[in-house]
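First the structure, in the form of structure tokens, and then the observations on it.
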Amino acid sequence: MTESLTDSTDAAGEPVPRRRIFADLTPLRTSPDYRRLWFGNTVSWVGQGMTSLAVSLQVYDLTGSAFSVGLIGACSLVPLVVFGLYGGAVADTVDRRKLGLASAFGSFLLSVALVGTSVAGVRQVGVLYGVVALQAVCFALNSPARSSMIARLLPAEQLPAANALNSMTSTTGTLVGPMLGGLIVGWWGYRAAYGVDAVTFTAALYAMWRLPSMLPERGEDTAGAKRASVLDGLRFLGTRPNLRMTFLTDLCAMVLAQPRALFPVVAVLWYGGDARTTGLLVAAPALGALLGGVFSGWLGTIRRHGLAVMVAVGCWGAAVAVFGLTRQLWLGLLFLALAGAADTISMVFRNTMLQAAVPDELRGRLQGVFIVVVAGGPRLGDFLAGSAADLTSPGLAVTGGGVACLGAVTLLALRWPGFARYDARDPEA
């Protein structure tokens, strides 16, 4: 007998999802394909986190320049933005399984290349920059294909649970990967960290290999189309206010209220700390995001996804604003963790709306836009926060950014009130 996922019905006779505390593991139990994909991505994310730290350490070891380390981000940002849109269009044209497999294999080969350069004693930092840029290209091609598959592997009611599980994948990689990378580099050197990353990619490759064919499902009016245009995806987005709001609300949080660039400054000025204090500030939002995923079982009972996104983004802004007023470290870490948990909730529902309210033939292109926003928004936020802090003060920059986020979300809610009425039972883009 299969386990019932509901305990009762509402006044209209609709089933009411069971209330949970911990993450809903139903997608992992019901779909072997999704289970393999999730496990493979989780393992590979940890490996990528290790490599990210190892490359940063090696660049600094070769150059002794913090600026050179900062260039690593620029080498990945441009390919992510450019190929994110292009990768989404490709994902709407070809078999997504083959695209995911090819791009994952490319990432595997690049990890092997890093092992080779380390063994050969190559000391040209340009080689590392080139590998990082190519890794970003592979990710930009892989991510839209992989994300577009989720709605084909699971029923709509399981998408919030799946996206919560996916958030745990990324935050686990962010937290665990660099820690393991630092330990492995310290004990056995760069080649060991790169080698472990290459091995972890085999899990993602196996998961992609076992998937069925994933050709985009086309409507009758586009059944004969052989190519997908990026502009068509942008035009579709331009006519769908609810989908636009998922991006606009995220930009409110990531651009207006992104305090991470100021962590080194506030660690010293506010808390009298050092690099270890900065590390705690960096880890707090990620830990909050992970806990948000672990305790995400209740998200499946929420149907007003648009309203949930606005509330979550508002909570992010409020938490950041209060963080800007704190001068006790434990309190600051608490509010940063709360901001991270709110970000997870926002991400879960924004991703679910993109998967449920977008036709399959356009999902890749919308996921490509998502990559551009996720990659570019926080970096623009870093620039804005740094500039505001130089013109005023770090405290005013952080608190003002949080208040600006709250104000911007409120204005968006007043301009497009239909977003708050979005109902997951009847997705309307």
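The values are calculated or read from the model by the stated rules, or taken from the named source; none is laboratory data. Note that the coordinates shown come from a computational prediction; the quantities given were computed from them, not determined experimentally. We place every Cβ from the backbone using ideal geometry, glycine too, and count neighbours over all the protein chains shown. Note: areas computed on protein heavy atoms with side chains; ligands, DNA, RNA excluded. Shrake-Rupley method; radii C 1.70, N 1.55, O 1.52, S 1.80 Å.
Out of Leu134, Leu109, Leu101, Leu141, one residue alone is open to solvent by 30 Å² or more (accessible area, probe 1.4 Å), at pLDDT 90 or above, farther than 29 Å from Ala342 by Cβ and within 16 Å of the chain's Cα centre (by Cα). It is Leu141.
Residue-by-condition table, conditions (1) crowded, with 24+ Cβ neighbours inside 10 Å; (2) among the aromatic types (Phe, Trp, Tyr); (3) at pLDDT below 90:
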| residue | (1), (2), (3) |
| --- | --- |
| Ser147 | yes, no, no |
| Arg152 | no, no, no |
| Ala161 | yes, no, no |
| Ala164 | yes, no, no |
| Thr174 | no, no, yes |
| Ile184 | no, no, no |
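Phe370 satisfies every condition listed in (1) under 22 Å from Ala164 (Cα atoms); (2) hydrophobic (A, V, I, L, M, F, W, C); (3) assigned to a helix (DSSP H, G or I); (4) open to solvent by less than 30 Å² (accessible area, probe 1.4 Å) except (4). So, Arg379, is that one open to solvent by less than 30 Å² (accessible area, probe 1.4 Å) and of a type in the set (Lys, Arg) or not? The answer is no for Arg379. For the stretch 209-224, the criterion of a residue being among the β-branched types (Val, Ile, Thr), closer than 30 Å to Gly64 by Cβ and either open to solvent by 30 Å² or more (accessible area, probe 1.4 Å) or in contact with a Lys or Arg (Cβ under 8 Å, 6 or more places away or on another chain) (or both) is satisfied by no position.
Yes or no, residue by residue, for (1) open to solvent by 20 Å² or more (accessible area, probe 1.4 Å); (2) under 16 Å from Arg327 (Cβ atoms); (3) free of Cβ contacts under 8 Å to residues at least 60 places away in the same chain; (4) not acidic (Asp, Glu):
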position	(1), (2), (3), (4)
Tyr271	yes, yes, no, yes
Ala284	no, yes, yes, yes
Leu287	yes, no, no, yes
Gly293	no, no, no, yes
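Here Tyr190 fulfils each of the conditions (1) surrounded by fewer than 18 Cβ atoms within 10 Å (Cβ to Cβ); (2) in contact with a helix residue (DSSP H, G or I) (Cβ under 8 Å, 6 or more places away or on another chain); (3) of a type in the set (Phe, Trp, Tyr) apart from (1).
Checking each residue in the stretch 244-269 for being farther than 30 Å from Asp24 by Cβ, buried (at least 21 other Cβ atoms within 10 Å of the Cβ) and among the β-branched types (Val, Ile, Thr) picks out Val255, Val266.
Within the stretch 328-367, restricting attention to residues that are touching a helix residue (DSSP H, G or I) at 6+ places or on another chain (Cβ under 9 Å) and not in a helix (DSSP H, G or I), the residue that is most open to solvent (accessible area, probe 1.4 Å) is Pro359. Of the set (1) under 19 Å from Arg425 (Cα atoms); (2) modelled with pLDDT of 95 or more; (3) not polar (S, T, N, Q), all apply to Gly324 but (1).
Within the set of pairs 6 or more residues apart or between chains, which connect a residue that is more than 20 Å from Gly88 (Cβ to Cβ) and of a type in the set (Asp, Glu) inside the stretch 366-393 to a residue that is open to solvent by 70 Å² or more (accessible area, probe 1.4 Å) and at pLDDT below 90 with Cβ atoms less than 8 Å apart? Listed by first residue and then by second, the contacts come to Asp382/Arg260.
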